[in-house]
Amino acid sequence: MASAADMNDKNSAFRMTMLYDFYGELLTDRQREFYDLYHNEDFSLAEIAENAGITRQGVRDVIVRAEAILNEMEEKTGIVARFLETREELNTIRACAEQIDALNRARFHSQELAQLSREIQDKTVEMQK
C-alpha cells in the first residue's frame, strides 16, 4: 500500500506535468529545458548543472521560477482544474450511457436507445482526446 507521502508526491508530479503541458510555452527556452529535464526526465539538479555548466543552485533557481510561473498561470486561469473537472464529468456521462445501454439490453431491446447510448459513449471518448 502506498504511503500518504508517496501519494502526495505522485499527485504533485501529475499536477506539475499538467501545468507544464498547458502553460509550458510561456516559459523561456532555458526554463522549459531545465523543467523538462528535472520533472519529466528525472535528471538531478547536479546532472542538469553539469550539462549546463552552472551551479546546482542556479538550476534550482530556474526550476523554482518556472514552477512559480506555471502555478501563477493556473491560479489566474484555472484551465487545468476545469480540464480535470470536465474529464471527470465526461467519465460520469459515459458511465451513465453504459448503464442505459445495459438496462436497454436487459429490458427494452430498443435499437434507438442502443444507438443513442453508443453515440454518447463515442462522443465522450472523442472529447477526452
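The values are calculated or read from the model by the stated rules, or taken from the named source; none is laboratory data. These figures come from a predicted structure and were not determined experimentally. All Cβ positions, glycine included, derive from the backbone under ideal geometry; neighbour counts span all protein chains shown. SASA here: full protein model, heavy atoms, side chains in, ligands and nucleic acids out. Shrake-Rupley method; radii C 1.70, N 1.55, O 1.52, S 1.80 Å.
In the set Q57, Q128, only one residue is of a type outside the set (A, V, I, L, M), exposed (fewer than 15 other Cβ atoms within 10 Å of the Cβ), modelled with pLDDT under 95 and within 25 Å of K10 (Cα to Cα); that residue is Q128. Taken over region 57-100, the residue count meeting the criterion of being under 15 Å from T124 (Cα atoms) and of a type outside the set (A, V, I, L, M, F, W, C) is 10.
Just a yes or no: is a residue in region 39-54 under 26 Å from A13 (Cα atoms), at pLDDT 95 or above, touching a Leu at 6+ places or on another chain (Cβ under 8 Å) and not in a helix (DSSP H, G or I)? Yes: one or more hits.
Test N40 against the criterion of being without any contact (Cβ under 8 Å) to a residue 40 or more places away in the chain and within 30 Å of T124 (Cα to Cα), and give yes or no. Taking the combined requirement at face value, the residue satisfies it.
The listed residues are L84, L70, and the only one of them that is touching a Gly at 6+ places or on another chain (Cβ under 8 Å), in contact (Cβ under 8 Å) with a residue 24 or more places away in the chain and part of a helix (DSSP H, G or I) turns out to be L70.
Kindly provide the set of residues from region 87-121 that are of a type in the set (S, T, Y) and part of a helix (DSSP H, G or I), ordered by number.
First pass over region 87-121, keeping only residues of a type in the set (S, T, Y): 92, 110, 117.
Hits for region 87-121 are T92, S117.
Of the residues E47, E67, the single one that is at negative phi and either open to solvent by 60 Å² or more (accessible area, probe 1.4 Å) or of a type in the set (K, R) (or both) is E47.
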